[in-house]
Amino acid sequence: MKLAGLKSIENAHEDSVWAATWVPATEDRPALLLTGSLDETVKLWRPDELDLVRTNTGHSLGVAAVAAHPSGIIAASSSLDSFVRVFDVDTNATIAVLEAPPSEVWGMQFEPKGTILAVAGGSSASVKLWDTASWRLVSTLSIPRPEAPKPSDKTSSKKFVLSVAWSPNGKRLACGLMDGTICVFDVDRSKLLHQLEGHNMPVRSLVFSPVDPRVLFSGSDDGHVNMHDAEGKTLLGSMSGHTSWVLSVDASPDGGAIATGSSDRTVRLWDLKMRAAIQTMSNHNDQVWSVAFRPPGGTGVRAGRLASVSDDKSVSLYDYS
């Protein structure tokens with residue numbers, strides 16, 4: 001398995017690019033790359049030339065997270081202005097605006113069937129679940145606070161939720177916290193199942209394996225990428241190689257590799273059989289905030305693709321084979 005650089009767009013946005021995801025292909029068009037930036041815009045790009053399809057405005061502060069519905073028809077962007085904007089991918093028509101104060105939304109993801117949007121609620125120490133038919137808030141999964149903190153205790157702020165990930169079957173939701181713990185919820189029962197240990201610094205990114213719904217990967221400011229058994233509550237392994245914070249982790253659709261982006265300015269590809277980094281891509285010259293593998297599907301699409309975005313305002317596309 002390897003990555004090969006296909007194309008990079010310098011100054012893809014006017015400011016740091018913090019978020020990226022792929023909008024799945026529909027009958028009428030291929031999968032598109034969706035990026036969100038501190039310049040307050042969301043942009044859609046056509047592979048493989050990275051041609052700009054459209055620039056969406058509608059936020060009054062920087063865009064911190066983006067998510068795409070599995071149908072490929074709608075997507076969502078969240079901003080530091082505490083609003084989540086849900087829009088039609090092909091027309092940019094606003095479908096819903098979800099208000100999420102007083103918390104900042106640092107991560108969100110649609111449930112695999114598309115019925116729920118999970119939003120990491122930052123300082124509210126919770127994950128909010130929105131029904132995608134009515135856009136009503138249907139559940140709030142709260143992170144338990146430590147027992148009886150003293151007034152001087154600073155731990156309550158550490159229960160800040162940074163990241164979320166759905167298991168492939170939609171039964172489990174994991175969220176990564178500022179204090180390095182990961183909470184795993186049984187969504188149907190709105191119940192916290194357990195907390196996974198193993199990191200001692202913020203967990204900024206999570207992804208479940210597409211081939212084994214028990215396996216959860218996490219990237220943290222401690223520089224490690226951990227593999228957890230999210231059901232058995234065990235740490236399966238810890239991989240190191242980045243020299244600074246791991247800001248983003250994503251799993252390849254074939255389940256054989258993961259990619260990571262880091263503030264050490266590199267993108268790394270990890271072979272999960274070897275549990276080691278097998279390739280380092282250094283085409284960004286600032287921190288890499290997001291990496292995203294293209295989902296399978298679409299007419300005539302066989303090749304794998306990975307995208308990365310960075311504080312250097314650029315977007316890069318790689319072939320994955």
Electrostatic dipole magnitude of the stretch 180-321 [Cβ: Lys, Arg +1; Asp, Glu -1; Cα centre; debye, to 20]: 240
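Restricting to Cα pairs below 8 Å that are 6+ residues apart, what does the relative contact order work out to for the stretch 26-123? Please round to a whole percent.
It rounds to 19 percent for the stretch 26-123.
I need the shape label for the stretch 1-75. Rule: rounded when a/c is under 1.5, else prolate if a/b > b/c, else oblate, with a, b, c from the alpha carbon gyration tensor. Write out the running numbers ahead of the final one.
Values: a/c = 1.78, a/b = 1.16, b/c = 1.53.
Oblate shape, in that a/c is at least 1.5 and b/c is the bigger or equal ratio.
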For the stretch 177-241 versus the stretch 267-321, the gap between their alpha-carbon centres in whole angstrom: 21
Amide hydrogen neighbours beyond the local backbone of Leu247, cut-off 5 Å, H modeled: Gly261, Ser262, Ser263
Qualifying chymotrypsin sites (Phe, Trp or Tyr not before Pro) for the stretch 171-255 [loop in DSSP, other Cβ within 10 Å: at most 10]: none
Most fluctuating residue given options Ser248, Ser71, Ser163, as computed from a GNM of the chain linking Cα atoms under 10 Å: Ser71
In order through the stretch 41-54: 3J(HN,Hα) via Karplus (6.51 cos²θ - 1.76 cosθ + 1.60), integer Hz, x for Gly, Pro: 10, 10, 10, 10, 10, 9, x, 9, 7, 6, 6, 6, 8, 6
Carbon and sulfur %, accessible surface of the stretch 225-321 computed with the full protein complex present, 1.4 Å: 47
Relative contact order for the chain, counting Cα pairs under 8 Å that sit 6 or more residues apart, in percent: 15
Environment charge at Gln287 (Cβ cut-off 9 Å; Lys +1, Arg +1, Asp -1, Glu -1): -3
Relative contact order of the stretch 248-321, pairs being alpha-carbon contacts under 8 Å that are 6 or more residues apart, as %: 25
Choice from Asp179, Asp131, Asp311 showing the highest fluctuation, given a GNM over the chain with Cα pairs closer than 10 Å: Asp131
Unit charges at the beta carbon, dipole of the stretch 180-263: most positive-side option, Gly261, Thr234, Pro210: Thr234
Cross-link pairs beyond the 32 Å C-alpha cut-off, checked among Lys113/Lys159; Lys233/Lys273; Lys2/Lys43; Lys273/Lys313; Lys113/Lys191; Lys191/Lys313: Lys273/Lys313; Lys191/Lys313
Karplus 3J(HN,Hα) series, Hz, for the stretch 229-239 with 6.51 cos²θ - 1.76 cosθ + 1.60 (x for Gly, Pro): 8, 6, 8, x, 6, 10, 8, 7, x, 9, 10
Residue among Pro24, Pro296, Pro70 with the largest mean-square fluctuation in a Gaussian network model of the chain, springs linking Cα atoms under 10 Å: Pro296
Probe 1.4 Å, accessible area per residue of the chain, Å²: 41
In nm, spacing of pseudo-spin labels at Ile95 and Ser190 (7 Å Cα→C-beta vector): 2.4
Anisotropy class of the stretch 178-292 from Cα gyration tensor, a/c 1.5 cut: prolate
Cα shape, the stretch 33-95, gyration tensor, a/c 1.5 rule: oblate
Exposed-loop-free span, longest in the chain, where GluC sites (Glu not before Pro) count as exposed if DSSP calls them loop and at most 16 other C-beta atoms lie within 10 Å: 50-146
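The values are calculated or read from the model by the stated rules, or taken from the named source; none is laboratory data. As the structure is a computational prediction, the values presented were derived from the model and not from experiment. Neighbour counts are summed over all protein chains in view; Cβ atoms, including those assigned to glycine, are modelled from backbone coordinates with ideal geometry. With ligands, DNA and RNA removed, areas are computed over all heavy atoms of the protein, side chains included. Shrake-Rupley method; radii C 1.70, N 1.55, O 1.52, S 1.80 Å.
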